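The values are calculated or read from the model by the stated rules, or taken from the named source; none is laboratory data. Keep in mind that what you see is a predicted model, and the values were worked out from it rather than measured. Virtual Cβ from ideal backbone geometry, glycine too; neighbours counted across all protein chains shown. Heads up: the accessible areas ignore ligands, DNA and RNA and are worked out on the full protein's heavy atoms, side chains in. Shrake-Rupley method; radii C 1.70, N 1.55, O 1.52, S 1.80 Å.
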Amino acid sequence: MNIKVLVPTGALGITYCKKALDRGLKEKPDIIVVDGGSTDSGPAYLGKGKSKYSRSSTKSEWKTLMVAREKLKIPLLIGSAGTCGTDKTVDWFLEITKELAKELNQNIKITLLKCSQSKKNINKAFLNKNLSPLNNAPKISSKKIINCTNIVGLAGVEQITEAINTKADIIICGRSTDASLIASLPIMKGVDEAIAWHAGKIGECGAFCTTNPRSGVILISFQKNGFFIKPVSNNTKVTPYTVSAHMVYENSNPFTLIEPGGHLDVKNAIYEKQKDGSVYVTGANWVKDNNYKIKLEGTYVEGYQSISIVLIRDETYVTSIKKWSKQVENKVKKIVESSLSLKKKNYKIQFRFVGKNATLGSLERKTVEPNEIGVLVVVTAKKQYECEEISKILNPLLLHHSLFKKTELPTFSFPLSPPSFNIGKKYAFCLNHVISVKNPMDIFKLEKYSI
Amino acid sequence: MRLKELVKKIRSKNAGPFLLTIDIFCSNRKTFETIIQKITKIEISRLYKIPKKQIEIFPIKDLFIVKITIPRPNIQGSSKDRDLHGASFGIILEELKIK
């Protein structure tokens, strides 16, 4: 047995080395697998159901992969299409694929795996005590679930296998776990589950498991009870260290990976350097869960936001920035209450001092006096109109507020015009839960197209 | 000496929207053992203002890596969050003075 999975990059949209891809294609892979999403870029993408990456770069990178697929006549699989993997972004990705098929004059079969969840069903599962919280999950309620803008379930090997089984040329999956994309075909072909899942985690970010993460492309070759990771790019190597250290990457527990249908335990894994420069991996253990669970991700609208940015270069004000901003805040709050009739609990004003402690806030331990401070003022309220009004009330104070009663009014620097901006809806993540299902496909859908 | 001068690298990342994971990469066993001894749950609790029982520390002896997983001080991308990718939380440890 020798099953080969080619991973061109850690994420479609961040570019990859085309020369390395060509070299990988010469190894005659059985499938090309690429990840298209993550929650790591924040809640706004799932919130809106939109992709983080530009349509043009997505299309150009996908085009190269579609050409490669046509040459080798092997399946091409993308997971978490359009960053958040909602039905809307899967449809967006389908549209790009259709355009390319026409431009490239390709006749192809496409299967979509749809992962968006109905709020009604998820709420029903919640009321039936069919949802359970994961580590550090926020509290949820029916109201929270119903107010979600989008909920997705993370597909695993079982759902992706169903999609691959349709014999499509291109498989576009909604939200899926990173590791399951790589693990599915090998498991279908009889590779040990633990080996396939382990390779899935190691290869999820492409060349991140090599000495040169920027090189992008990797090739994983499977035998029944082990897998080889091979460097594809000229300027990179794999070592037992680079391969095993990837278990640590963005994973809360370096020895365990929880996935749909079970968990992977790599405590006894063995990583061996081979003469041809590859690393051979064996020894992981897959522990099946008798209660099949799917992880859910959801977002809701926390409010609306507007921001203002003002630059303070005057030494006197730089050293007294906290006092100055507190005075501005107090003045604004009085005006907001009297002119906008808005109570304090219905909006928030945050002052973040760029150059001082904007990154770490109250956790900052360093105290160095900077030359200047950028004051980023973030207003959050229930309506955009309220944020805009508060920002406009703030403006003259940010421009001229004086710490001293008897001096001429100071003027501070606005780097942009207009000085304040409406951000729109402020989305936030609100689900870190799993749902129990009888059949893995219960909450997922397949759609088939021929072009 | 500051911790960053002792170790190879400190990396801070989100582990999903609700957890933060900080990896301390050491060059050798001696440093690795020093880190295990100095970077205790008490120390992490003090630096990150998080209750001790919510902190997990994993020493990975084959790689000389110490992994620390904590709840995110604010949920990723929520209105209170300041660091979407959890990129800078490791700096608190990098700049920690150790004897």
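Scanning the range A:91-124 for residues that are over 19 Å from A:Trp62 (Cβ atoms), of a type in the set (Gly, Ala, Ser) and not in a loop (DSSP other than H, G, I, E, B) gives a single hit, A:Ser116.
Just one of the listed residues (A:Lys343, A:Lys356, A:Lys348) is more than 30 Å from B:Tyr48 (Cα to Cα) and open to solvent by 70 Å² or more (accessible area, probe 1.4 Å), and it is A:Lys343.
Here is a yes/no grid of residues against (1) in contact (Cβ under 8 Å) with a residue 40 or more places away in the chain; (2) not in a helix (DSSP H, G or I):
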{"residue": "A:Met247", "(1), (2)": "yes, no"}
{"residue": "A:Tyr271", "(1), (2)": "no, yes"}
{"residue": "A:Trp286", "(1), (2)": "yes, yes"}
{"residue": "A:Asn290", "(1), (2)": "no, yes"}
{"residue": "A:Lys295", "(1), (2)": "yes, yes"}
{"residue": "A:Gly298", "(1), (2)": "yes, yes"}
{"residue": "A:Val310", "(1), (2)": "yes, yes"}
{"residue": "A:Gln327", "(1), (2)": "yes, no"}
{"residue": "A:Lys333", "(1), (2)": "no, no"}
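Scanning the range B:46-98 for residues that are closer than 21 Å to B:Lys4 by Cα, more than 7 Å from chain A (Cβ to nearest Cβ) and touching a residue at least 40 places away in the same chain (Cβ under 8 Å) yields a count of 14. Here A:Thr111, A:Thr39 are screened, and the one residue that is under 30 Å from B:Leu19 (Cα atoms) and among the β-branched types (Val, Ile, Thr) is A:Thr39.
Would you tally the residues in the range A:125-138 being within 14 Å of chain B (Cβ to nearest Cβ) and either at pLDDT 95 or above or not in a loop (DSSP other than H, G, I, E, B) (or both)? Please lay out each step first, then the result.
Taking the range A:125-138 and keeping what is within 14 Å of chain B (Cβ to nearest Cβ), we get A:133-138.
Then drop every residue that is not either at pLDDT 95 or above or not in a loop (DSSP other than H, G, I, E, B) (or both), which leaves A:133.
Qualifying residue count, the range A:125-138: 1.
When A:Asp276 is tested against (1) in a loop (DSSP other than H, G, I, E, B); (2) touching a residue at least 12 places away in the same chain (Cβ under 8 Å); (3) within 27 Å of the chain's Cα centre (by Cα), only condition (3) is not met.
Going through A:Gly206, A:Gly174, A:Gly153, A:Gly190 one at a time, which residue ends up being under 23 Å from A:Ala245 (Cα atoms) and either touching a strand residue (DSSP E or B) at 6+ places or on another chain (Cβ under 9 Å) or without any contact (Cβ under 8 Å) to a residue 60 or more places away in the chain (or both)?
On the way: A:Gly174 fails: under 23 Å from A:Ala245 (Cα atoms); A:Gly153 fails: under 23 Å from A:Ala245 (Cα atoms); A:Gly190 fails: under 23 Å from A:Ala245 (Cα atoms).
Just a single option satisfies the conditions, and that option is A:Gly206.
A:Leu311: away from chain B (no Cβ under 14 Å), under 30 Å from A:Gly424 (Cβ atoms) and out of contact with any Leu (no Cβ under 8 Å at 6 or more places or on another chain), yes or no? When the stated conditions are applied, A:Leu311 passes them.
Within the range A:361-385, the set of residues being in contact with a helix residue (DSSP H, G or I) (Cβ under 7 Å, 6 or more places away or on another chain) and either charged (D, E, K, R) or closer than 20 Å to B:His85 by Cα (or both) comprises A:Leu363, A:Arg365, A:Glu369, A:Glu372, A:Lys382.
Please work out which residue is farthest from B:Asn14 (Cα to Cα), limiting yourself to the range A:404-423 and to residues that are surrounded by 13 or more Cβ atoms within 10 Å (Cβ to Cβ) and either out of contact with any Ser or Thr (no Cβ under 9 Å at 6 or more places or on another chain) or of a type in the set (A, V, I, L, M, F, W, C) (or both). Of everything passing the filter in the range A:404-423, A:Phe412 is farthest from B:Asn14 (Cα to Cα). Does A:Asp289 satisfy being open to solvent by less than 70 Å² (accessible area, probe 1.4 Å) and over 23 Å from B:Pro73 (Cα atoms)? Judged against the criteria, A:Asp289 is a match.
So, A:Ala428, is that one under 25 Å from A:Leu46 (Cα atoms), open to solvent by less than 70 Å² (accessible area, probe 1.4 Å) and of a type in the set (Gly, Ala, Ser) or not?
On the way: under 25 Å from A:Leu46 (Cα atoms): yes; open to solvent by less than 70 Å² (accessible area, probe 1.4 Å): yes; of a type in the set (Gly, Ala, Ser): yes.
Yes: the conditions hold for A:Ala428.
Every residue, every condition in (1) open to solvent by 60 Å² or more (accessible area, probe 1.4 Å); (2) touching a helix residue (DSSP H, G or I) at 6+ places or on another chain (Cβ under 6 Å), yes or no:
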position: A:Pro240; (1), (2): no, no
position: A:Ser244; (1), (2): no, no
position: A:Val248; (1), (2): no, no
position: A:Ser252; (1), (2): no, no
position: A:Gly262; (1), (2): no, no
position: A:Ile270; (1), (2): yes, no
position: A:Val281; (1), (2): no, no
position: A:Ala284; (1), (2): no, yes
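For the range A:14-34, the set of residues classified as open to solvent by 10 Å² or more (accessible area, probe 1.4 Å), closer than 21 Å to A:Ala179 by Cα and touching a residue at least 60 places away in the same chain (Cβ under 8 Å) consists of A:Thr15, A:Tyr16, A:Asp30, listed by residue number.
Could you please give the count of residues in the range A:245-271 that are within 13 Å of chain B (Cβ to nearest Cβ) and acidic (Asp, Glu)? Steps first, answer last, please.
We begin by selecting, within the range A:245-271, every residue within 13 Å of chain B (Cβ to nearest Cβ); these are A:245-258, A:266-271.
Among the residues that remain, those that are also acidic (Asp, Glu) are: A:250.
Residues meeting the conditions: 1.
Could you tell me whether any residue of the range A:60-72 is in a loop (DSSP other than H, G, I, E, B) and touching a Lys or Arg at 6+ places or on another chain (Cβ under 8 Å)? Checking the range A:60-72: not a single residue is in a loop (DSSP other than H, G, I, E, B) and touching a Lys or Arg at 6+ places or on another chain (Cβ under 8 Å). Among the residues of the range A:348-380, those identified as away from every other protein chain (no Cβ under 12 Å) and of a type in the set (D, E, K, R) are A:Lys356, A:Glu369, A:Glu372.
Rundown of residues vs (1) among the acidic types (Asp, Glu); (2) at pLDDT below 90, yes/no style:
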{"position": "A:Lys4", "(1), (2)": "no, no"}
{"position": "A:Pro8", "(1), (2)": "no, no"}
{"position": "A:Ile14", "(1), (2)": "no, yes"}
{"position": "A:Lys18", "(1), (2)": "no, yes"}
{"position": "A:Leu21", "(1), (2)": "no, no"}
{"position": "A:Asp30", "(1), (2)": "yes, no"}
{"position": "A:Gly36", "(1), (2)": "no, no"}
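Among the conditions (1) in contact (Cβ under 8 Å) with a residue 24 or more places away in the chain; (2) over 12 Å from the mean Cα position of the chain (by Cα); (3) within 11 Å of chain A (Cβ to nearest Cβ), B:Ser12 misses just one, which is (2).
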